[in-house]
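The values are calculated or read from the model by the stated rules, or taken from the named source; none is laboratory data. The shown structure was predicted, so the numbers you read here are calculated from the model rather than taken from an experiment. Note: ideal-geometry Cβ built from the backbone for every residue, glycine included; neighbour counts use all protein chains shown. Heavy atoms of the whole protein, side chains included, go into the accessibility calculation; ligands, DNA and RNA do not. Shrake-Rupley method; radii C 1.70, N 1.55, O 1.52, S 1.80 Å.
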Amino acid sequence: MTMNKIIIDTDVGSDVDDAMALSLAMRSPEIQIVGITTVYGDVTIRSRVAKKLLHLGGCTSVPVYPGIRDPLLRNREIFWAGHESMLLQDEEELNIEDKHGVDFIIETIMNHPGEITLVTIGPLTNIAAAIIREPKIVQNVKEIILMGGVCRLGSNGADLPVTEHNVRSDPESASLVFRSGAPIVMVGLDVTLKVKISAEVQKKLKTSGDPLNMALADALGRWLDFRQRDWTAMHDPVAVSLLIDRSLVTTRKMNVWVEYDHRHPTGQTVAVPADDGNVEVCLDVDSPRFLSLFTQRLLDR
Amino acid sequence: MMEVKSVHADALRRFLIDTDTASDDAVALLMALRYPVIEIEAITVVAGNVPVEQGTQNALYTVELAGKRVPVHMGLAKPLLRPLESAEWVHGQDGMGDIGLPLSGKTPAPGHAVDVIIDTLKRHPGEVTVVTLGPLTNLAAALIREPGIAKLPKEVIMMAGTGQGPGNVTPLAEYNVWVDPEAAKIVFASGMPLKLVGWDVSRGYAVITPEEAQAIRAIDTPYARFVVDIQAALSRFCRTVTRLEGFNLPDPITVAIALEPEIATVSRRLFVDVELGGEWGRGQTVVDHLGVTGRDPNVEVVLQADRRRFLDLLRRSVQD
């Protein structure tokens, strides 16, 4: 079994899928989480939420580093659902690192050339800032598995939105990352909107007796209430699942760039197939197989 | 008999200069390096007129010529989001007029310019005057990484954009802002105490005529010869492209205003932003002279300067 050393860069706390992705990573022996960095909005709250999930999952030693709060040019609104800190209790002792998330990303990649996979499941501000400060991480990162964007080139293309949250929340950063030349796997809405879970999973998580699962059930319930829906997509867990079984998705090599302007929201990923493209764009996912892997990892313990 | 007062430590003025060192930057650096009673904490170099390695060598050469021990730190090699478009066609292949100066082989101080900017501002809160003579990439990267530093400088004086009038690389844009407009946008909106010296100020108040250049060179110190001789490529550019006999010195008048603020005779606090794209708009400094946007002023824009005082300061800088 190959061990994947990963850094997860996350805006955990808003959409429940970040917490699900962290949990899937914690519950997967194929994955070693070297550290978690947080981004977008109140990164102290997000870091505490990440740390709380690590505690609940028994991974107390994984360090969490707060990153950058504002989008790169500070010209974009920040989405804040309001329930981000619901998992936290007031006086709780949760140890967040002093080191900046961007510095952690740079140092870890440069100290372990070719070994670190970056799993980005939030807006790409930290990654862009890291590339600006140390362009060599582009050659030294093993791979960037990037939940973000949408290319609408798969079988479901006509039914998909034109833009995706992580890209349109900081299109300038996304543009920089896609054009950096780094080896990227783009896990966009093309595949992530095919993997949906419902209130039924919430029940199973709640009754499993596992403290992490029970917290996930609460967070899932809050998110379904917030969205006023009985389903939600597992965007971020699909990104993590590629480190367990790459055959869950089919991909095609493309060049990807971001079209954006000063207006908000803006930021469309334009993807063009190219043999020398630096982005493997996921076009399809075996959702039954993904969902069974996902629920097994969380529930069969 | 009058008592001669010594300069007290608490009156020490600390400077940090960020530069894409080419011919007019080098004059500006020399003026600051040879100015009494200031402490230059660091010179940080950014890609712009020339690639960052060349700019670093040019800065190191200038520091050595001035006989000073000021650390020179290399910074970012390209603008935040765009490829570097350097300006050898203005300043020469080596950025210093291609007059055969030995501009290689020197070693910069350890430490990345972006980190040095952050550390220097944190070490002396409220004390450091930051002068930027190139694209604002290093300063913007420092602000991205550590937004809290916006409160720390005493003042940030930028050779950037135009306060009024046309640009120099496009009809609308001045080079430093044009080459990295996103960085300029970040800095302009950062909340730092900003003063802008646009290209127009140099055209209005810092033109050196051929006669004045010869008079400066006749001072005949190594500094005087250096200051005039490295403008060889710039003079050709001014004559053939910007239709000016002699040359104008944007970076030196910016440093002059940083050293002696009274050299700026008219300035106004105005709202300033940057246009990022469009057919012609890239890098245009948007200056709201009439307050039509209703936005709060964020920049003190220098509109007029004292040419005679500037020339005096320049001449003093090259004397023994």
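Under a Gaussian network description of chain B, with springs only between Cα atoms under 10 Å, the residue in B:A173, B:A47, B:A218 that fluctuates furthest is B:A218. Cross-link partners for A:K194 among the lysines, with Cα-Cα distance under 22 Å and sequence neighbours closer than 8 places in the same chain left out: A:K203, A:K204, A:K253.
Taking +1 at the Cβ of each Lys and Arg and -1 at the Cβ of each Asp and Glu, which of A:V43, A:M86, A:G267 sits farthest along the dipole of segment A:4-299 towards its positive end, judged by Cα position relative to the Cα centre? In segment A:4-299, that residue is A:G267.
Note on A:S247: accessible area approximately 70 square angstrom, rounded to 10, probe 1.4 Å, nucleic acids and ligands left out. Considering only protein heavy atoms and a probe of 1.4 Å, how much of the accessible area of segment B:151-203 is carbon and sulfur, as a whole percent? For segment B:151-203, the apolar C and S fraction of the accessible surface comes to 57 percent.
On a per residue basis, segment B:15-173 carries 32 Å² of accessible surface, using protein heavy atoms and a 1.4 Å probe.
Segment B:190-213 and segment B:238-305 have Cα centres lying 8 Å from one another. Taking the alpha-carbon centroid of each part, what is the distance from segment B:123-166 to segment A:1-66 in angstrom? Cα centroid of segment B:123-166 versus Cα centroid of segment A:1-66: 35 Å apart. Remark: spin-label model distance B:L12-A:V270 equals 5.4 nm, labels positioned 7 Å along the Cα→Cβ axis. The accessible surface of segment A:4-299, taken with every protein chain in place and a 1.4 Å probe, is 47 percent carbon and sulfur.
Accessible surface for A:W231 stands near 80 Å², nearest 10, in the context of the full protein assembly shown (1.4 Å probe). Which one, A:Y65, A:Q32, A:G154, projects farthest toward the positive side of the charge dipole computed for segment A:4-299 from Cβ point charges (K/R +1, D/E -1)? My answer, from the dipole projection, is A:G154. In the distance distribution for the protein assembly as shown, Cα-Cα pairs more than 44 Å apart total 28 percent.
Of the listed residues A:S292, B:S202, the order by accessible area with a 1.4 Å probe, largest first, is A:S292, B:S202.
Rolling a 1.4 Å probe across the protein heavy atoms gives chain A an accessible surface of 39 Å² per residue. A:R227 contributes an accessible area of around 100 Å² to the protein surface, as traced by a 1.4 Å probe with all chains present. Coupling constants for segment A:57-67 follow from the phi torsions by the Karplus curve (6.51 cos²θ - 1.76 cosθ + 1.60, θ = phi - 60°), and in residue order they are x, x, 10, 4, 7, 6, x, 10, 10, x, x Hz; glycine and proline get x. Here's how it looks for B:D18: its modeled amide H is under 5 Å from those of B:T44, B:V131, B:T132, B:L133, which are all 5 or more places away or on a different chain.
Shown for segment B:137-157: residues covered by the partner protein chains by 20 Å² or more of accessible area relative to the chain by itself (probe radius 1.4 Å), namely B:I144, B:R145, B:P147.
In the elastic network of chain B, a GNM with C-alpha springs shorter than 10 Å, the most mobile of B:V169, B:V177, B:V116 is B:V169. In segment A:122-157, burial by the other protein chains removes 30 Å² or more of 1.4 Å probe accessible surface, compared with the chain on its own, from A:I132, A:R133. Quote the FRET efficiency, to the nearest 0.05, computed for A:T60 versus B:V286 with a Förster distance R0 of 35 Å and r equal to the Cβ-Cβ distance. With R0 = 35 Å, the Cβ-Cβ based efficiency is 0.10.
Compute the accessible area of each residue in segment A:52-83 twice, once for its chain alone and once with every protein chain present, using a 1.4 Å probe on heavy atoms, and list those whose area falls by at least 50 Å². Buried by the other chains: A:L72, A:L73, A:R74. Secondary-structure-derived ellipticity at 222 nm for chain B, considering helices only, amounts to -10500 deg cm²/dmol, per-run term -39500 (n - 2.57) for DSSP H runs with n ≥ 4. Total buried accessible area between B and A, probe 1.4 Å, nearest 100: 1400 Å².
Over segment A:4-299, the alpha carbon radius of gyration divided by the compact-protein estimate 2.2 N^0.38 Å works out to 0.91.
What a 1.4 Å probe finds exposed on segment B:23-77 is 49% carbon and sulfur by accessible area, rounded to a whole percent.
According to the calculation over all Cα-Cα pairs in segment A:199-301, the P(r) per 5 Å bin from zero is 2, 10, 15, 15, 16, 14, 11, 9, 5, 1 %. Listed by chain and number, the lysines placed with their C-alpha closer than 25 angstrom to that of B:K195 are B:K78, B:K122, B:K151, B:K154, B:K185; residues fewer than eight positions away on the same chain are left out.
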